[in-house]
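K.L.:
One structure, as structure tokens, below. Some questions next.
The values are calculated or read from the model by the stated rules, or taken from the named source; none is laboratory data. None of these values were measured; they are calculated from a predicted model. Quick reminder, even Gly has a Cβ in these numbers, built from the backbone with ideal geometry, and neighbours come from all protein chains shown. We work out accessible area using only protein heavy atoms, side chains counted, and drop any ligands, DNA or RNA first. Shrake-Rupley method; radii C 1.70, N 1.55, O 1.52, S 1.80 Å.
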Amino acid sequence: AVDITDRQQATAAIDHVVATLGRVDTLVNNAGLMLVGPVADAPPEEWDRMIDVNVQGLLNMTQAALPHLLQAAAEAPREVADLVNISSTAGRVARAGTAVYNLTKFGVNAFTEALRQELQPKRVRVSVVEPGTVDTELSSHIRDGVREAVQGQLAGMEMLRPEDIADAVSYIVTRDRRVAVNEVLVRASAQTW
């Protein structure tokens with residue numbers, strides 16, 4: 001367990017993985033918060049928490065892992081390493097009531113693409129997975145009143161399962177080194193946004 005918003009803890013977590021397993025071939029930045037609701041009545045603390053986790057946490061983990069990913073790409077038998085950022089359909093489609101969440105996820109997508117271009121010559125593949133509605137605890141963190149509205153939008157929809165997103169990540173990181181799957185959009189079949 002690590003607080004990824006704390007740069008020292010993020011670095012210590014990566015150092016622990018290297019000490020325990022020998023190297024880092026893959027980093028999946030999956031931690032995220034979705035604290036949605038109208039901007040006009042949103043507590044600014046929610047914005048801070050989302051930016052801290054969704055953006056700064058991702059940056060902290062990426063920075064901590066990057067030297068090890070570069071080393072794995074240069075020296076490990078696969079001759080490639082992978083960095084996968086989990087974004088959201090909210091990184092593609094902005095909707096009323098999700099402005100700050102959209103801000104963080106559009107940012108994740110932009111960061112991922114720029115980093116992909118930067119690391120491509122060094123054989124570190126950088127990818128983004130953009131899940132739609134997934135049946136996780138994510139919406140349970142939304143404040144009362146807003147949570148019920150979100151649950152109403154999802155009523156009757158068969159949501160994705162966490163293993164659906166894990167399958168997408170697994171597909172990305174198990175391709176031969178000649179293949180780079182840079183972006184995967186995964187929506188629930190009934191999702192329209």
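K.L.:
Show that you can apply the helix-only estimate: for the chain, add -39,500 (n - 2.57) for every DSSP H stretch of four or more residues, divide by all residues, and state [θ] at 222 nm to the nearest 500.
P.N.:
The helix contribution divided over the chain gives -13500 deg cm²/dmol.
K.L.:
Residue 180: net charge of surrounding residues, Cβ under 11 Å, Lys/Arg +1, Asp/Glu -1, itself excluded?
P.N.:
Counting the neighbours of residue 180, the net charge comes to +3.
K.L.:
Percent of accessible area on the stretch 25-121 owned by carbon and sulfur, 1.4 Å probe?
P.N.:
Of all accessible area on the stretch 25-121, carbon and sulfur atoms account for 58 percent.
K.L.:
Continuing with this model, one more query. What does the net charge come to around residue 7 if you take all other residues with beta carbon closer than 15 Å to its beta carbon, with K and R at +1 and D and E at -1?
P.N.:
Net charge in that neighbourhood comes out at -4.
K.L.:
Tell me which DSSP H helices of the chain clear both cut-offs, 24 Å or more of axial length from alpha-carbon atoms and a mean Kyte-Doolittle hydropathy of at least -0.5.
P.N.:
Membrane-span-like by this criterion, though nothing is claimed about a membrane: 58-75, 99-119.
K.L.:
Can I ask one more? Can you sort 95, 177 by 1.4 Å-probe accessible area, starting with the largest?
P.N.:
The ranking, largest first, comes out as 177, 95.
K.L.:
Something else: Which one, 97, 129, 115, is farthest towards the positive end of the dipole of the stretch 97-137 when Lys and Arg carry +1 and Asp and Glu -1 on their Cβ?
P.N.:
Highest projection toward the positive end goes to 115.
K.L.:
Here's a follow-up. So what's the net charge close to residue 193: Lys and Arg +1, Asp and Glu -1, counting the other residues with Cβ under 11 Å from its Cβ?
P.N.:
Surrounding charge for residue 193 is +3.
K.L.:
Which of 67, 43, 77 ends up with the largest GNM mean-square fluctuation for the chain, with Cα atoms connected below 10 Å?
P.N.:
Residue with maximal mean-square fluctuation among 67, 43, 77: 77.
K.L.:
Quick one: what Rg and Dmax do you get for the stretch 83-193 from the alpha carbons, in Å?
P.N.:
Answer for the stretch 83-193, Rg first and Dmax second: 15.3, 49 Å.
K.L.:
Where the Cα atoms of the chain are projected onto their three principal axes, how long is each span, largest first, in whole Å?
P.N.:
52, 36, 28
K.L.:
Within the stretch 173-193, whose backbone N sits under 19 Å from a point 7 Å along Cα→Cβ of residue 158?
P.N.:
Taking a point 7 Å out along Cα→Cβ of residue 158, the residues of the stretch 173-193 whose backbone N falls under 19 Å are 186-193.
K.L.:
Using a 10 angstrom cutoff on alpha carbons, build the Gaussian network for the chain and name the most mobile of 169, 24, 146.
P.N.:
Among 169, 24, 146, the largest GNM mean-square fluctuation belongs to 146.
K.L.:
Also: Could you state the accessible area per residue of the chain in Å², with a 1.4 Å probe and every protein chain left in place?
P.N.:
For the chain, the solvent-accessible area averages 53 Å² per residue.
K.L.:
Size of the dipole of the stretch 95-193 about the Cα centre, Lys and Arg at +1 and Asp and Glu at -1 on the beta carbon, nothing else charged, in debye to 20?
P.N.:
Computed charge dipole of the stretch 95-193: roughly 520 debye.
K.L.:
If I build a Gaussian network model for the chain, linking alpha-carbon pairs within less than 10 angstrom, which residue out of 120, 71, 56 has the largest mean-square fluctuation?
P.N.:
Most flexible of the set in this elastic network: 120.
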